[in-house]
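Okay, so here's the structure we're looking at.
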Amino acid sequence: MTVLEKTLKTLKKNQVLATFMREFVPNGTECGFLRDYNEYCFLIDRVSTHGLYDGIFIFQRPQLTRVRWGSTLLNSTTELYKRKNKKISRPKISIDNMKSALKDIQKAYGYVCVSIDDLDSEALIIGEIESLDDTHMLLYEFSGKTAKDRSHLLVPLAEITSLEAGGIFEEDLRHLNFEYWAKTPKPKKT
């Protein structure tokens with residue numbers, strides 16, 4: 001067993017909070033607990049710097065450049081996490097391939113959030129899957145925080161570099177799109 005495999009096995013088994021670095025992706029550092037991994041990708045339960053559960057994050061295995069754990073900051077964050085997160089729902093997510101991960105995330109959360117780092121590492125595409133096959137996903141995009149404008153987007157699965165759901169940002173957009181704006185009356189015509 002390689003050093004990498006031994007380390008990953010230990011981090012997963014002991015649920016050690018770690019920082020997963022993807023050096024070739026701007027802002028490519030994620031803090032969390034390694035929930036699962038395979039030859040294709042990693043699934044982590046993300047944790048904010050304040051010790052709050054911040055959803056799941058899945059990224060491709062070749063993107064991983066370094067892993068850090070055991071620092072005072074990470075140990076302190078672990079203590080805050082234990083204090084603040086008593087009942088976290090962790091739905092089963094398959095990471096066997098992109099299609100199965102997308103289906104499981106859509107089923108568990110009602111939406112998916114994807115990144116295509118090769119095009120724009122800052123952009124997140126979030127919405128409901130309308131249709132999915134082995135090569136493409138048709139997404140009904142969520143509106144942002146300032147507009148009620150939704151659109152359809154066809155995304156090639158091969159371009160997706162990471163997935164996320166259940167985080168503070170994603171859940172805020174879900175709330176706005178499914179609950180708040182659904183109840184908000186349209187402005188009257190003058």
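The values are calculated or read from the model by the stated rules, or taken from the named source; none is laboratory data. Treat the numbers as computed from the prediction; the structure is a model and nothing was measured. Virtual Cβ from ideal backbone geometry, glycine too; neighbours counted across all protein chains shown. What goes into the accessible areas is simple: the full protein's heavy atoms, side chains included, and nothing from ligands, DNA or RNA. Shrake-Rupley method; radii C 1.70, N 1.55, O 1.52, S 1.80 Å.
Side notes on the structure shown:
- Rotationally averaged projected area of the range 58-142 (alpha carbon convex hull; nm²): 7.7
- Assuming charge only on the beta carbon of Lys and Arg (+1) and of Asp and Glu (-1), the dipole of the chain about its Cα centre is about 1040 debye to the nearest 20.
- Remark: C-alpha extents of the range 43-82 on the principal axes read 30, 21, 12 Å, sorted largest to smallest.
- The residues of the range 106-180 expose, per residue, 51 Å² of accessible area to a 1.4 Å probe.
- Residue-averaged [θ]222 nm for the chain, counting only DSSP H segments that reach four residues, each worth -39500 (n - 2.57): -7000 deg cm²/dmol
- Residue of GLN106, GLN15, GLN60 that the Gaussian network model of the chain assigns the largest fluctuation, springs spanning Cα pairs under 10 Å: GLN15
- Full extension of the chain segment joining ASP149 with THR72 gains 23.3 nm, where the gain is 0.36 nm per residue of separation less the Cα-Cα distance.
- Computed from the alpha carbon positions, the gyration tensor of the chain leads to an equivalent ellipsoid with semi-axes of 30, 21, 14 Å, biggest first.
- Gain upon complete extension [LEU52, SER94; 0.36 nm per residue less C-alpha separation]: 12.8 nm
- In nm, spacing of pseudo-spin labels at ARG61 and SER131 (7 Å Cα→C-beta vector): 3.3
- Modelled label positions at PHE24 and ASP36, each set 7 Å beyond Cα in the direction of Cβ, lie 2.5 nm from each other.
- Solvent-accessible area, 1.4 Å probe, carbon plus sulfur percent, for the range 24-183: 52
- Solution diffusion estimate, µm²/s, Stokes-Einstein, the range 1-84, Kirkwood Rh from C-alpha pairs, 4 °C, viscosity 1.567 mPa s: 101
- For PHE169 and LEU80, the difference between the fully extended length at 0.36 nm per residue and the C-alpha to C-alpha distance is 30.0 nm.
- For the range 1-114, size of Cβ-based charge dipole, Lys and Arg +1, Asp and Glu -1, in debye: 400
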